[in-house]
Amino acid sequence: MKSVKFSVIIPTYNAQNTISQAIESCIKQSLPPWEIIIVDDCSIDYTLNILNNYRNHPFIKIFVLKENGGVSVARNFGWNKSTGDYVSFLDADDIWDVNKLKILNEVIQTEKNVLCIGHQYTDDKIFFLSEGVFRYKILHYWQLLFRNYFNTSCLTVSKQISERFNEHMRYTEDHELYLRILNITNIFFIQLPLTLLGRPQLSKGGLSGNRLKMRKGELIMYYETCKKRKKLFILFLFLCLFSIIKYLIKLLHR
């Protein structure tokens, strides 16, 4: 049986300290990717100098945007340029387990009509292992509505999916996309950490480190989701209250 062709999309912006590790984790996959598409969003550090070292690689394509548009613009640009069967996303400060694409391929070959897959992540190298038996399940809409189970570096989507990241959202844009995808198809969730985060979730270095703006982004996400699914609109106030309570609890535990 032929292996799936995976296109890897890596958006970069001032990622000079981490981009090489991210790229190498793709190149060294036990099932090599079909292509690696790197989209630089107008970096002003030495990221482009590092990327130039990969320009002659047989399956790496590098694009530089003319103006800074944000990570969703960069991801969508790479997504639209991809030619594989599936698109897998990797942020420039994260790395993949060496068997990630091999495991994704097994799930796609085993199940019928797999259009979207997510998986667990970790920020602890001790638990960053893919050996042994792995399990997966289907995530339901209500589960993902209240909790984002995986980040963008854990997302793989079939080319059949026409949805794209909302380029007007700067926070929780991944969660909002997952909910739109669930209107179309199931999301399979692999219960194994196949992505190692370069920084912990909600750390000071990344976009997700701004808790207040994350909550604002979550409220916008709930509004957009409820607007598209009118049956959910009666839950909008409850979802807003739920988001605010989460924010206050996390503040108390800082």
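The values are calculated or read from the model by the stated rules, or taken from the named source; none is laboratory data. Everything quoted here is computed from the prediction, not taken from an experiment. Cβ placement follows ideal geometry from the backbone for every residue including glycine, while neighbour counts extend to all protein chains displayed.
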- Identify, by number, the condition in (1) in contact (Cβ under 8 Å) with a residue 40 or more places away in the chain; (2) closer than 28 Å to I103 by Cβ that K61 doesn't meet. (1)
- Item | Output for region 231-246, where each listed residue is under 16 Å from Y141 (Cβ atoms) and among the basic types (K, R) | K231
- Task: Kindly provide the set of residues from region 90-114 that are part of a helix (DSSP H, G or I), of a type in the set (V, I, T) and over 12 Å from I190 (Cα atoms), ordered by number.
- Result: T110
- When restricted to K204, K213, the only residue in a loop (DSSP other than H, G, I, E, B), modelled with pLDDT under 90 and over 16 Å from the mean Cα position of the chain (by Cα) is K204
- Counting only residues in region 41-58 that are in a loop (DSSP other than H, G, I, E, B) and crowded, with 16+ Cβ neighbours inside 10 Å, the one nearest to the chain's Cα centre (by Cα) is identified as D41
- How many residues, within region 2-12, are part of a loop (DSSP other than H, G, I, E, B) and touching a Cys at 6+ places or on another chain (Cβ under 7 Å)? 0
- Task: Residue by residue through region 132-169, note down the ones that are surrounded by 14 or more Cβ atoms within 10 Å (Cβ to Cβ) and polar (S, T, N, Q).
- Result: Q143, N148, N151, T152, S153, T156, S158, N166
- Criterion violated by I184 - all others in (1) modelled with pLDDT of 80 or more; (2) surrounded by 15 or more Cβ atoms within 10 Å (Cβ to Cβ) satisfied: (2)
- Item | Qualifying positions in region 144-167 - farther than 25 Å from P33 by Cα and either touching a Pro at 6+ places or on another chain (Cβ under 7 Å) or touching a residue at least 60 places away in the same chain (Cβ under 8 Å) (or both) | L145, F146, N166, E167
- Task: Considering each residue of region 233-254, count those that are surrounded by 11 or more Cβ atoms within 10 Å (Cβ to Cβ) and touching a residue at least 12 places away in the same chain (Cβ under 8 Å), and give that number.
- Result: 9
- Query: Does region 72-79 contain any residue that is basic (K, R) and touching a Phe, Trp or Tyr at 6+ places or on another chain (Cβ under 7 Å)?
  - Reply: yes
- Item | Unmet criterion (only one of (1) part of a loop (DSSP other than H, G, I, E, B); (2) farther than 30 Å from R135 by Cβ; (3) touching a residue at least 40 places away in the same chain (Cβ under 8 Å)) for L31 | (2)
- Message: One residue is enough: does region 152-169 have a residue meeting the conditions modelled with pLDDT under 95 and among the hydrophobic types (A, V, I, L, M, F, W, C)?
- Response: yes
- When you look at I38, is it in a strand (DSSP E or B), surrounded by 19 or more Cβ atoms within 10 Å (Cβ to Cβ) and assigned by TED's automatic domain parsing to the domain that holds C154, yes or no? yes
- Message: For region 98-127, which positions are surrounded by 23 or more Cβ atoms within 10 Å (Cβ to Cβ) and among the charged types (D, E, K, R)?
- Response: K100
